[in-house]
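The values are calculated or read from the model by the stated rules, or taken from the named source; none is laboratory data. In this text the structure is predicted, and so the values were computed from the model without any measurement. Heads up, the Cβs are rebuilt from the backbone with ideal geometry, glycines too, and the neighbour counts pull from every protein chain shown. For the accessible areas, the whole protein counts, side chains as well, though only heavy atoms, and no ligand, DNA or RNA atoms are used. Shrake-Rupley method; radii C 1.70, N 1.55, O 1.52, S 1.80 Å.
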Amino acid sequence: MVGFGGTEVLRKVEVPDPCVGPREVLVKVETVGVNHIDLATMRGEGLARDVQPGQILGIDPAGTVIGKGVEVSDYVVGDRVVVRPVVSCGSCHWCIDGLDDSCDEMIFVGVHRPGGFAEFIAVPESNIHAIPNGLEFAEASVFSHSFPVALQMLRERAQVREGETVLVTGASGAVGAAAVQLAKHAGARVIAAAGSNDRAGWCLALGADLIIDYGAVPKFAGRIRDFVPDGADVCIETTGSSDLWGQVAPSMAKRGRVIGCGGHVGGQVDLDLFWLFRTRATVMGSAASTRAAFVDALGAFSEEGMTAPIHRLVPFSEFHSAFDLLRDRNRIGKVVLEVSQLTT
C-alpha cells in the first residue's frame, strides 16, 4: 500500500523477509481473504486511522509453518495453520477478564502490522491455530474472520438460547453465512435475509428455516411476523443498511436484541427511541472476537461440518480484480486470494 485511496494504492513490491521474534512463528502464506477492512485501511479509515502508507494488507492468512522463534514450543515446521487477526496485549483488565476483543492495546494483523498479502508473514504464536484435517487453506481463511465474529455476536453479545428465533441480514455474506450455521448449531430457528433470490435460496442449504429476498420484498417485516407472530428474538445485522434497519425494528420481539457488526452499506441508521423504550429492546455493537470464541468456533466448524462459503479463488497476480468482486452485491460468500500463486 503506497498511499491512501482506492485499489490504485496497491502495488506488488519486493520487501525483506519478516524478522521472527522469540515468540513468533514464520508462516508461508497460501491463501488470504479480501475484506472490507482492507478497503477501509486503504482509505486510512476505521481501525487504520493511525496507519501509515507502506502497510501490507491481509487480515486472515492461512499457510504452513516454515520457521519459529526460540521460545515457540507448540508448533513445528510443516504445520498447517490459520491466523487469528486480533493481537491483544494479554495484560490489560479486558484481557485478564477474557474479553480480549476489547483489549486497550488491540491491533490487527494486516492493519497495524504486516498482513497476509505477502509470501511470508510473522505472527505471535498465540495468534496461530492448527487447521483441522480435511479443511483447505482457502476455507480456513474464510473461517478466520467470519465464524469467530459470528459466534461472538450470537453467544457473548446476544446470548442466544435454544428455541429462539434469529434474523440474519446479509445472510449470504461470509459473516452472515457463519451466523446462520452457528445459530442453527445453538438450536435457534433462523430467518436468513439476503438481497436476491439466489442468495437467499442458497441459505436454505445452510439450514435456514425461512428465507427473505429483500431485493424483491424490501418491506419484509410482515413476512417475519407471519412466521413468528411475536417477532424475532435476535437480529444479527451485518450490513449497516438504513433500509434494512427500517425493517429490522418492526420485526423484533419485546426485549429483542439487535447486534450490529458491519457498516459497509452506509453505516448510518435512524433509531426510533420510542420503539426502543416501548419494546425494551437492546441494541449492541460487536467487533472482532475473543481468543476463546475463535477456538470454540473452530471446534464447532470442524465437528459440525459447516460450510465456509467461497465466492471465488483469485490468483495473487490479479489482486486488483479481487476487490472488484468484493464490491459485487451479487456474490455469495468470500473472495479469497491464492497467495501461493504469487508470481514475480
Mean-position separation - Cα centroids, the range 93-119 and the range 302-322, in angstrom: 23 Å
Of every Cα-Cα pair in the range 201-344, the percent that sits beyond 22 Å: 55 percent
Proximal lysines to Lys28, defined as alpha-carbon separation beneath 25 angstrom and excluding residues fewer than eight positions away on the same chain: Lys12, Lys68, Lys334
Value of Rg/Rh across the chain [Cα atoms, Kirkwood radius]: 0.97
Table column - 3J(HN,Hα) (Hz), the range 270-285, Karplus curve with 6.51, -1.76, 1.60, x for Gly and Pro: 8, 10, 7, 5, 5, 4, 4, 5, 5, 8, 6, 5, 10, 10, 10, x
On Cα atoms only, tilt of 291-303 relative to the major axis of the chain in degrees: 80 degrees
Simple spin-label estimate for Ser102 and Ser73 in nanometres, 7 Å along Cα-Cβ: 3.3 nm
Dipole magnitude of the chain about its Cα centre (Cβ charges: Lys, Arg +1; Asp, Glu -1), debye to nearest 20: 840 debye
When the range 108-149 is reduced to its Cα atoms, the Kirkwood hydrodynamic radius in Å: 11.6 Å
Per residue, the convex hull volume that the Cα atoms of the range 108-191 enclose (Å³): 131 Å³
Residue-normalised accessible area of the chain, expressed per residue, 1.4 Å probe, Å²: 44 Å²
The chain - percent of accessible surface contributed by carbon and sulfur, probe 1.4 Å: 50 percent
Listed residue (Val314, Ala232, Ser88) projecting farthest to the positive dipole end of the chain, Cβ model: Ala232
Net lengthening on full extension, Asp198/Arg255 (0.36 nm per residue, minus Cα-Cα): 17.3 nm
Rounded FRET efficiency, nearest 0.05, which uses the C-beta distance separating Arg280 from Arg225 and R0 of 22 Å: 0.75
Radius of gyration, Dmax [the range 222-289; alpha carbons; angstrom]: 11.7, 34
Nonlocal amide H pairs with Glu338, under 5 Å, H built at 1.01 Å: Val314, Phe316
Contour excess over end-to-end distance, with Cα ends at Ala205 and Glu8 and 0.36 nm allotted per residue: 67.2 nm
Karplus-derived 3J(HN,Hα), 6.51/-1.76/1.60, for each residue of the range 176-184, Hz, glycine and proline x: x, 4, 5, 5, 4, 5, 6, 5, 5
Pairwise FRET efficiency - Asp17 versus Ala130, Cβ, R0 = 30 Å, nearest 0.05: 0.80
Size of electric dipole in the range 192-251: Cβ of Lys, Arg +1 and of Asp, Glu -1, about Cα centre, debye, nearest 20: 120 debye
Over the chain, relative contact order from alpha-carbon pairs under 8 Å, at least 6 apart, %: 18 percent
Cα centroid separation - the range 164-204 against the range 64-86, whole Å: 33 Å
Alpha carbon convex hull of the range 1-95, volume per residue in cubic angstrom: 131 Å³
For the range 93-172, size of Cβ-based charge dipole, Lys and Arg +1, Asp and Glu -1, in debye: 180 debye
Leading residue at positive end of dipole, the range 156-302 (Cβ point charges), from Ala288, Gly215, Ala192: Ala288
Backbone HN-Hα couplings from phi across the range 248-260 [Karplus 6.51/-1.76/1.60, Hz, Gly and Pro as x]: 5, 4, x, 8, 8, 6, 4, 6, x, 10, 10, 10, x
GluC sites (Glu not before Pro) restricted to DSSP loop in the range 24-97 with at most 14 other C-beta within 10 Å: Glu45, Glu71
